[in-house]
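Every read-out reported here was derived from the displayed coordinates using simple, explicitly stated rules and does not represent laboratory data. Because the structure is predicted, anything quoted here is derived from the model rather than measured. Cβ sites come from the backbone with ideal geometry, for glycine too, and all protein chains shown count toward neighbours.
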Amino acid sequence: MMTDSEIAGRIRKGDKVAFESLFRSSYVSLVKYARTLLKDQDTSEEIVQDLFVRLWQERESVRIESSFNGYLFRAVHNRCLHYIEHRKVVQRHADQKISGQTDNSEDPAEILHYKDLQKQVAAILERLPERCGKIFCMSRFEGLKYSEIAEKLSVSIKTVEASMGRALREFRKELTE
């Protein structure tokens with residue numbers, strides 16, 4: 001039985017057998033966990049598969065501070081939360097379209113730009129620490145005030161402000177480039 005650091009080292013070096021072993025031992029439980037959050041089998045499988053694809057693609061730069069299992073479950077959790085937030089935004093936009101609140105004269109270039117921007121936002125949110133991303137989503141997507149977020153998450157307003165500051169710095173850095 002290999003330790004997590006041995007598995008990580010082998011995967012970092014491109015050992016497909018070690019990676020496949022990790023995939024086989026973790027896949028089912030990760031999908032079950034995702035399904036408890038999303039209530040959708042297909043999306044749960046897609047999120048877990050995408051996680052493993054990205055883990056393989058970025059294997060040389062991934063640093064696992066805790067256990068592999070902890071890392072994978074945290075990554076699935078974050079991806080599920082981001083998926084849920086994304087669905088809320090899409091639904092809100094669809095509701096606005098139906099109620100006629102948006103301009104129906106959007107040209108294809110604007111639509112492509114909007115979709116690219118959505119992908120960039122999702123990628124930035126995925127890189128943020130979980131609480132930081134959650135606080136940003138609660139503020140920007142749900143329209144909650146800092147005091148409401150602090151109360152819901154049982155943290156101080158200063159923590160909310162610091163997390164928002166960090167998130168906004170990341171967005172400014174990424175989106176201005």
Please compute the net charge surrounding Leu144, taking Lys and Arg as +1 and Asp and Glu as -1 over other residues with Cβ under 14 Å from its Cβ. 0
Report the charge-dipole magnitude of the range 108-177 in Debye, nearest 20, computed about the Cα centre from +1 at each Lys and Arg Cβ and -1 at each Asp and Glu Cβ. 180 debye
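Less than 10 Å Cβ to Cβ from Lys13, Lys/Arg counted +1 and Asp/Glu -1: what total charge do the surrounding residues give?
Values: positive: Arg10, Arg12, Arg59; negative: Asp15, Glu60.
Charge balance in the 10 Å sphere: +1.
Taking N as the number of residues in the range 1-105, what is its alpha-carbon radius of gyration divided by 2.2 N^0.38 Å? Spell out each step's value before the answer.
Numbers: Rg = 17.7 Å, N = 105, 2.2 N^0.38 = 12.9 Å.
Its radius of gyration relative to the 2.2 N^0.38 Å reference: 1.37.
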Mind checking which of Glu45, Glu58, Glu110 has the largest fluctuation in a GNM of the chain, springs on alpha carbons under 10 Å? Glu110
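Using Cα pairs closer than 8 Å and at least 6 residues apart in sequence, work out the relative contact order for the range 1-105, in percent.
Details: 55 pairs, mean separation 28.9, N = 105.
Answer for the range 1-105 is 27 percent.
With contacts defined as alpha carbon pairs under 8 Å and 6 or more residues apart, what's the relative contact order of the range 108-177 in percent? List each step's numbers first, then the result.
Details: 36 pairs, mean separation 22.9, N = 70.
Relative contact order for the range 108-177 comes out at 33 percent.
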Using only the Cα atoms of the chain, what are the Rg and Dmax in Å? 18.7, 61
The chain - percent relative contact order, Cα under 8 Å, separation 6 or more: 16 percent
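How much mean residue ellipticity at 222 nm does the chain get from its helices, if each DSSP H run of length 4 or more adds -39500 (n - 2.57) and you divide by all residues, to the nearest 500 deg cm²/dmol?
After summing the helix terms and dividing by the residues of the chain, the value is -26500 deg cm²/dmol.
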